Amino acid sequence: MALWVMAIAIVVITSLVPGKDLPQVGMNDKLEHFTAYGLLSASAVQLFARRLSWGFVCVLLVLMGIGLELLQGAMGMGRTMDSHDALANAMGVLMGLGIAFTPLRDLLLWIDRRLASS
């Protein structure tokens, strides 16, 4: 859980620092947004047992993505608001939520059991 919260903090921080201060990762900007939010929501599926919790977290992640885009536009620190980034965030959240309907849904439990038995 602590790693997940730290990942959220990293997304918030990297969304709000001036763009010139960020390293270039050689990936399309929209793909970066999609991947980050997809990993956050896929992790939430792993961490929370109830479907209601998944929905709640996913709504909060989408709202966080929209809020960060609005903040980028309002800050005036070389970052701009981009509705396509917010859309990529939301699509990533949906993709991450989709893991709940695959065998990967319990991946962390499987890893935990393996580590506990060795």
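The values are calculated or read from the model by the stated rules, or taken from the named source; none is laboratory data. This one's a predicted model, so the numbers in the text were calculated from it and none came from an experiment. Counting neighbours? That spans all protein chains shown, and the Cβs are built from the backbone with ideal geometry, glycine included.
Okay, here's what the table says:
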quantity	calculated
Count of the stretch 81-118 residues which are polar (S, T, N, Q) and either touching a helix residue (DSSP H, G or I) at 6+ places or on another chain (Cβ under 6 Å) or in contact (Cβ under 8 Å) with a residue 24 or more places away in the chain (or both)	1
Any chance residue 102 is at pLDDT 90 or above and either closer than 27 Å to residue 21 by Cα or out of contact with any Phe, Trp or Tyr (no Cβ under 9 Å at 6 or more places or on another chain) (or both)	yes
Of all residues in the stretch 62-71 being farther than 10 Å from residue 92 by Cα and touching a residue at least 12 places away in the same chain (Cβ under 8 Å), the one that is surrounded by the fewest Cβ atoms within 10 Å (Cβ to Cβ)	71
Criterion violated by residue 79 - all others in (1) closer than 18 Å to residue 9 by Cβ; (2) of a type in the set (Lys, Arg); (3) within 16 Å of the chain's Cα centre (by Cα) satisfied	(3)
The stretch 72-88, residues that are over 17 Å from residue 61 (Cα atoms) and small (Gly, Ala, Ser)	73, 74, 76, 78
Whichever residue in the stretch 1-24 is more than 19 Å from residue 63 (Cα to Cα) and in contact with a helix residue (DSSP H, G or I) (Cβ under 7 Å, 6 or more places away or on another chain) and, among such residues, is surrounded by the most Cβ atoms within 10 Å (Cβ to Cβ)	22
Criterion violated by residue 75 - all others in (1) modelled with pLDDT of 95 or more; (2) surrounded by fewer than 16 Cβ atoms within 10 Å (Cβ to Cβ) satisfied	(1)
Residues located in the stretch 25-54, provided they are without any contact (Cβ under 8 Å) to a residue 40 or more places away in the chain, surrounded by fewer than 14 Cβ atoms within 10 Å (Cβ to Cβ) and closer than 16 Å to residue 97 by Cα	49, 50, 52, 53
